[in-house]
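Worksheet for the structure shown next.
The values are calculated or read from the model by the stated rules, or taken from the named source; none is laboratory data. Quantities reported herein were computed from a predicted structural model and do not represent experimental measurements. Neighbour counts run over all protein chains shown; Cβ positions are idealised from the backbone, glycine included.
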There are 6 protein chains.
Amino acid sequence: MAYDKTDISRLNDSDMEAALARTPVLLLPIGAVESHGDHLPAGTDNILAVRLAEELVKTIDGETPVLRLPVLPFGQVWSLAEAPCSFGVSNETVSNTIVEIAQSAAQKGIRTVVVVNAHLGNAVAIRDAQRRLREDGITLANFFYPGAGPVIEDVREKKEAHASYMHACEIETSYVLHLAPDAVDMDKAIENYPEFPEDFSTVAYRWTDFSKSPVLGDARAATAEKGEKILKVVLANMAKQIAVLYARQFNGNS
Amino acid sequence: MAYDKTDISRLNDSDMEAALARTPVLLLPIGAVESHGDHLPAGTDNILAVRLAEELVKTIDGETPVLRLPVLPFGQVWSLAEAPCSFGVSNETVSNTIVEIAQSAAQKGIRTVVVVNAHLGNAVAIRDAQRRLREDGITLANFFYPGAGPVIEDVREKKEAHASYMHACEIETSYVLHLAPDAVDMDKAIENYPEFPEDFSTVAYRWTDFSKSPVLGDARAATAEKGEKILKVVLANMAKQIAVLYARQFNGNS
Amino acid sequence: MAYDKTDISRLNDSDMEAALARTPVLLLPIGAVESHGDHLPAGTDNILAVRLAEELVKTIDGETPVLRLPVLPFGQVWSLAEAPCSFGVSNETVSNTIVEIAQSAAQKGIRTVVVVNAHLGNAVAIRDAQRRLREDGITLANFFYPGAGPVIEDVREKKEAHASYMHACEIETSYVLHLAPDAVDMDKAIENYPEFPEDFSTVAYRWTDFSKSPVLGDARAATAEKGEKILKVVLANMAKQIAVLYARQFNGNS
Amino acid sequence: MAYDKTDISRLNDSDMEAALARTPVLLLPIGAVESHGDHLPAGTDNILAVRLAEELVKTIDGETPVLRLPVLPFGQVWSLAEAPCSFGVSNETVSNTIVEIAQSAAQKGIRTVVVVNAHLGNAVAIRDAQRRLREDGITLANFFYPGAGPVIEDVREKKEAHASYMHACEIETSYVLHLAPDAVDMDKAIENYPEFPEDFSTVAYRWTDFSKSPVLGDARAATAEKGEKILKVVLANMAKQIAVLYARQFNGNS
Amino acid sequence: MAYDKTDISRLNDSDMEAALARTPVLLLPIGAVESHGDHLPAGTDNILAVRLAEELVKTIDGETPVLRLPVLPFGQVWSLAEAPCSFGVSNETVSNTIVEIAQSAAQKGIRTVVVVNAHLGNAVAIRDAQRRLREDGITLANFFYPGAGPVIEDVREKKEAHASYMHACEIETSYVLHLAPDAVDMDKAIENYPEFPEDFSTVAYRWTDFSKSPVLGDARAATAEKGEKILKVVLANMAKQIAVLYARQFNGNS
Amino acid sequence: MAYDKTDISRLNDSDMEAALARTPVLLLPIGAVESHGDHLPAGTDNILAVRLAEELVKTIDGETPVLRLPVLPFGQVWSLAEAPCSFGVSNETVSNTIVEIAQSAAQKGIRTVVVVNAHLGNAVAIRDAQRRLREDGITLANFFYPGAGPVIEDVREKKEAHASYMHACEIETSYVLHLAPDAVDMDKAIENYPEFPEDFSTVAYRWTDFSKSPVLGDARAATAEKGEKILKVVLANMAKQIAVLYARQFNGNS
């Protein structure tokens, strides 16, 4: 089978020159190496970021020109830094890496970079990169499961552990079951509803300060079907936004 | 087949806790996204870094406890930054990423990190990281094809393009033919002996200033056998040094 | 009337030495100079931060030893930077300022600093400062209207302009009407429900990209009573958390 | 009474737009939170900076368009950092804050910013900001009691403690007695003539290394009349320079 | 003739080990490459710094152990940066250079470093270095013509151009005539009394903004005798302070 | 005898203005203060850098306009930092110093700066400066004994201590014997062939980790004749490259 012609890792110089001539949108998957308990591996967020980018390419199906970089596998994992599987870098390093890659791409005529992010901890760094790159006239879009919210509400069976954070839970595990089932060991899935400290939103807590497991919620309720249902919407949203971002390039907007 | 138990991306928390208890040596593959002409893909250095680390794990065969991180795929590609497939970051970002990952690992008891580097452009950043980490009592070892030199002299059939630099040439292409043959398209292999400027060692040149192709040398002479011959020695050297580095940890040296 | 004995601006050296002996919690109000339309002044967030800190002192009523610094009046105002009244600084400067003040305080024995924040744009900088100071064993707490959410839902009459952002609206104007009525000119209050771009959560937008006014929502519905109702809960929550933070200092936690 | 129309904290967007159309000179008061003994409060320099800016506005009396920012209350207090009331930041933070505010103002068409400084410790940071902003074509003027010298010589009754430094002394206390008499407690005024180390100008001394009190000189000799006499000249000088700075903007100078 | 045994440039390892055993005070001359008009060369400040250090060593005459580094020849020359002979670096670079050299020396047991400075423009950077090094327990002393003031008043025949600045004038030229007469071409000495802008102390001026020559004052009045008279006092002061600084090392002070 | 008219330290403003009109190439000698054993002094690299620049000027003999700055005497000496005579700075400081001097020169119309480097440890910093300055359109050339290699092979009598490093050895000592014979004490010359650790190229070693002397090789075999033979070729190469660099300035290349 022919390899994916949007996968930069597999392109040669002639391929790339042809691709660049179409002013493609550049996808940069980004995840983290981080503890996800015993039912999901340390590479979960990287697996999800790569698989989402692959599925996105299939969803777009050549209608908009895109290129896909390899995953940036080291993210900011402050909250779980002390958990066994977490190997992370600072916000500043994540932000600088993204900015430098985007500037590197801009030298080749690329004007739009999309971060396909599967790790919430990277959000601050991405936001910082977005604002810095805007000064250079480069659009950095951040895709973090766009449009997932309402579908999650719909499919969720078990209560969430926290209004703002979910991790290795019913939902995220469902994503992996759908996109990379071999990576999940459902026999080891647990529920974990740690008691968040009263001042959790006020003081800087690592999750290891109050929870024995990085699982936040009930992973046992995860199913591939739930994952598919949510991600189908997410991917459709992503594909639609890619088309908008691509068109923007020719409208004098950045 | 069971997955590789040294691959952190596949480990869960219990696996990792058990692994950490043995004070493993941590492997960090590092490559680059960089033009390699038309017979090798942009991801060549990342493919090589990952495959070398995998082969190293097989060579070690459990005799020394090691763990393997995902490849850091973005390197410093200044010399070829203007070639179509190059998407790079600064020396400072490479160095900071390595330092922060190693410090993150040190918090878990890891004292020795080995960079399995397949891209010469990362050398300055790695050296900088080595010296900074030494201040923290962390040993950072740099594996860049250790011991390859004499074997290369032995197997080489075509002259080298430059005494200090080789790229996408007889030798590197042979590595890929041996480790990842699917990534090579030998039909597109060329020879390219650019005329280096007289003051090449004096002034900062990008290779694109004087060469139409990123190939430096004669890629047509590459064979899997040459690659195997060199890398067999390289891997044996790596394995031997891993054992030394592991033992050093218990000798009060860093 | 005697001045407020918790107001550092008014303390002399003997006062301060006595105060420090009680290991007080240090309050740092922080706001911004930012456009708030025509019914609220540029200093709105500073006025709110100062008044909240004053009211908090009254609510605590001497039960926990606290000290109050002058307001840090320059915040991060990226989203409204191009509006006429916005004079801001970078996230890095906000973060460094807070960190340095807290370190300065720690040299005098203070272990707990509470940011009384009235400007959402400062959240990222405060989070960064919290994590950096934790490394130094200093607790930085962030008070951004704690517990306001449910009461807001209760008192709100007009719909919100955006799920995550509110500004110069029914709610914020109500705060000012309660805490500093002279600062409001209700005759100029407007409603403004800008159409947020479809990709608002994906791309870095300044609010001035899509809205003619910095008002987000309907300011005309603001009343002092609504403000009082919400802030009464907020202040009670703050006072309670101050007590907890004070006690924590003697528990070996930071 | 109507509020001061030059006080940005009280302006709304329409006010500001009208004000900006006149290319106003922007005043930024800056002080410090710093020990001043027992007769003056920690906020002395901030009180002075704000009051000077207010009086300056009155002195200008609308002849030159000016706007006034809130006081930047945290200055560099290295020399007295270990005294009880000192809460300070680094030179770099003071300098960055000023530069960023001025750049923020320049985006709105303001070309001239005047720091009304009441704390000598900020001088180095202001100088640095002046030079950086000059590269951007922005004029940053530094008002630190311009023209006070000869009048001080005239009114002074007690000897000075040091040729270069005065603090909380006959002169500074006189300023506060004139501008903010409620902030002074003359009953606690003292004289303090510490013995400066022989190598004071050669080695980095904190004042707390050799002096028990932050008072340098004889505060008991302070009077509101002395303060008024000096500051009348100072304010006239300031007003005159404001007019010159305003005019410069239209001469192609920066 | 035997070379100077305090000149590190001429020491070998055995010499140095012996010297270090005596806990010497380390002298670091620092000057600048800067325009001085036509009667003095660009290297004037470096010549003065080196010659002062040499004379200081003779004055000390072995009574206190000292070592002398080569001159740091690049200083901060902002005010004259646009004059033809000025080649300078930033305050930050001067400061970092001094700090790193002093830290390097501290690793060898040296606790006291004396900057023999002949260029006023370096003052801010030196002050910054002093404060940073104090945190490390290293004393950095700054010798900028200590005690020259009263003697200058005594010998000066021509009026000074400015109360705070003198440059390439009667006084500085006299220093060079005394210490390095071959470097002076008195035939080209001029007087230059530029009109300083009214707002010179308020706004950041380069001297080239208002003066055609870098000479500030009347260089024609310079004589070797004047130079000798001033520098005799300066050197005696320096020698005395060196003795004090040396003794301090054994008193637990830094 | 008239002084060297290319030595900036001796130029006055009129000289310099005339010199700048010819668009000269600027020479910046750079060395280090570093242990060289007992037969060579700490200033060896600085002596060599200055003497090479002087000889280069003679070799050029006015055919190409050049100017010569004073030597930057503090280099990066990490490998020998713990040896007694080493007083060094960081790579970053070396790099920043060079960049700032070159930018300072560029403001005067100089487009080409040549580092005459006599200390290998500066190579990384110079490379970094080259790349940064290229962005500014400034050519920074690095002269580190160009063309010495083959002649060294020819004259060498004793084996080298390491393939990549030589220090205070037969070759370097020969350089000093030729250029500054007074600085050498051949009676103290030794041979030293330390055993390099097996993993020397893999791990960050300081030379003091494994060698008692900084001499790498056999200094006893040094002669002035060997030095002359090598440096004659080196200087001819340098002069030739200067001519090329000078000409490049007028070809639109940088």
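Brief remarks follow.
- In region B:158-173, the residues that are over 18 Å from residue B:118 (Cβ atoms) reach residues that are acidic (Asp, Glu) with C-beta atoms within less than 8 angstrom, at least six apart or across chains, in these pairs: B:158/B:170; B:158/B:191; B:158/B:218; B:159/B:218.
- Checking F:200, F:210 one by one, the residue that is modelled with pLDDT of 95 or more and of a type in the set (Phe, Trp, Tyr) is F:210 and no other.
- Filter result for residue D:177 (in contact with an Asp or Glu (Cβ under 9 Å, 6 or more places away or on another chain), more than 14 Å from chain E (Cβ to nearest Cβ) and under 27 Å from residue D:66 (Cβ atoms)): yes
- In region E:126-140, the qualifying residues are those that are charged (D, E, K, R) and more than 24 Å from residue E:87 (Cα to Cα), and the one that is surrounded by the fewest Cβ atoms within 10 Å (Cβ to Cβ) is E:135.
- Taken as a whole, the condition of being within 26 Å of residue F:50 (Cβ to Cβ), within 8 Å of chain F (Cβ to nearest Cβ), crowded, with 24+ Cβ neighbours inside 10 Å and hydroxyl-bearing (Ser, Thr, Tyr) applies to residue E:86.
- Single residue of region F:141-163 satisfying the filter (in contact with a Phe, Trp or Tyr (Cβ under 9 Å, 6 or more places away or on another chain) and away from chain B (no Cβ under 12 Å)) that is farthest from residue B:203 (Cα to Cα): F:159
- Residue match in region E:16-23 (condition: buried (at least 24 other Cβ atoms within 10 Å of the Cβ) and either under 23 Å from the mean Cα position of the chain (by Cα) or of a type outside the set (Asp, Glu) (or both)): no
- Qualifying residue in region A:124-140 (condition: among the small types (Gly, Ala, Ser), touching a residue at least 12 places away in the same chain (Cβ under 8 Å) and touching a Phe, Trp or Tyr at 6+ places or on another chain (Cβ under 8 Å)): no
- In the set (1) crowded, with 22+ Cβ neighbours inside 10 Å; (2) more than 7 Å from chain B (Cβ to nearest Cβ); (3) part of a helix (DSSP H, G or I), the condition left unmet by residue A:101 is number (2).
- Scan of region C:8-28 for residues that are in contact with a Leu (Cβ under 7 Å, 6 or more places away or on another chain) and more than 10 Å from chain D (Cβ to nearest Cβ), ordered by number: C:24, C:25, C:27
- Scope region A:48-70; condition acidic (Asp, Glu) and assigned to a helix (DSSP H, G or I); matching residues: A:54, A:55
- If you go through region B:50-65 and keep only what is on the phi < 0 side of the Ramachandran plot and without any contact (Cβ under 8 Å) to a residue 12 or more places away in the chain, you end up with just B:58.
- Filter pass, residue A:123 being assigned to a loop (DSSP other than H, G, I, E, B), farther than 20 Å from residue B:86 by Cα and either modelled with pLDDT under 95 or more than 7 Å from every other protein chain (Cβ to nearest Cβ) (or both): no
- Residue-level analysis places residue B:51 among those that are away from chain A (no Cβ under 12 Å), basic (Lys, Arg) and under 26 Å from residue A:50 (Cβ atoms).
- Some residue of region B:214-223 being over 24 Å from residue A:9 (Cα atoms) and without any contact (Cβ under 8 Å) to a residue 60 or more places away in the chain: no
- Only one entry of B:184, B:203 meets the criterion of being among the β-branched types (Val, Ile, Thr), free of Cβ contacts under 8 Å to residues at least 24 places away in the same chain and within 14 Å of another protein chain (Cβ to nearest Cβ), and that entry is B:203.
- Region D:1-47: number of residues that are among the aliphatic types (A, V, I, L, M), outside any helix (DSSP H, G or I) and in contact with a strand residue (DSSP E or B) (Cβ under 6 Å, 6 or more places away or on another chain): 7
- Residues of region A:89-98 satisfying the condition of being within 7 Å of chain B (Cβ to nearest Cβ) and either part of a helix (DSSP H, G or I) or buried (at least 23 other Cβ atoms within 10 Å of the Cβ) (or both): A:89, A:93, A:96, A:97
- Check on residue D:22, within 18 Å of residue D:143 (Cβ to Cβ) and not polar (S, T, N, Q): no
- Residue in region E:54-73 that is surrounded by 24 or more Cβ atoms within 10 Å (Cβ to Cβ), among the small types (Gly, Ala, Ser) and more than 10 Å from chain F (Cβ to nearest Cβ) present: no
- Taken together, the criteria place residue A:134 among residues that are within 14 Å of chain C (Cβ to nearest Cβ), under 30 Å from residue A:18 (Cα atoms) and of a type in the set (Lys, Arg).
- Of the residues making up region F:206-223, just one is in contact with a Ser or Thr (Cβ under 9 Å, 6 or more places away or on another chain), within 14 Å of chain B (Cβ to nearest Cβ) and part of a loop (DSSP other than H, G, I, E, B), namely F:206.
- Test for residue F:240: is it surrounded by fewer than 20 Cβ atoms within 10 Å (Cβ to Cβ) and over 16 Å from residue B:199 (Cβ atoms): no
- Taken over region A:148-179, the criterion of being in a loop (DSSP other than H, G, I, E, B) and surrounded by fewer than 18 Cβ atoms within 10 Å (Cβ to Cβ) is satisfied by A:157, A:158, A:159, A:162, A:163, A:164, A:165.
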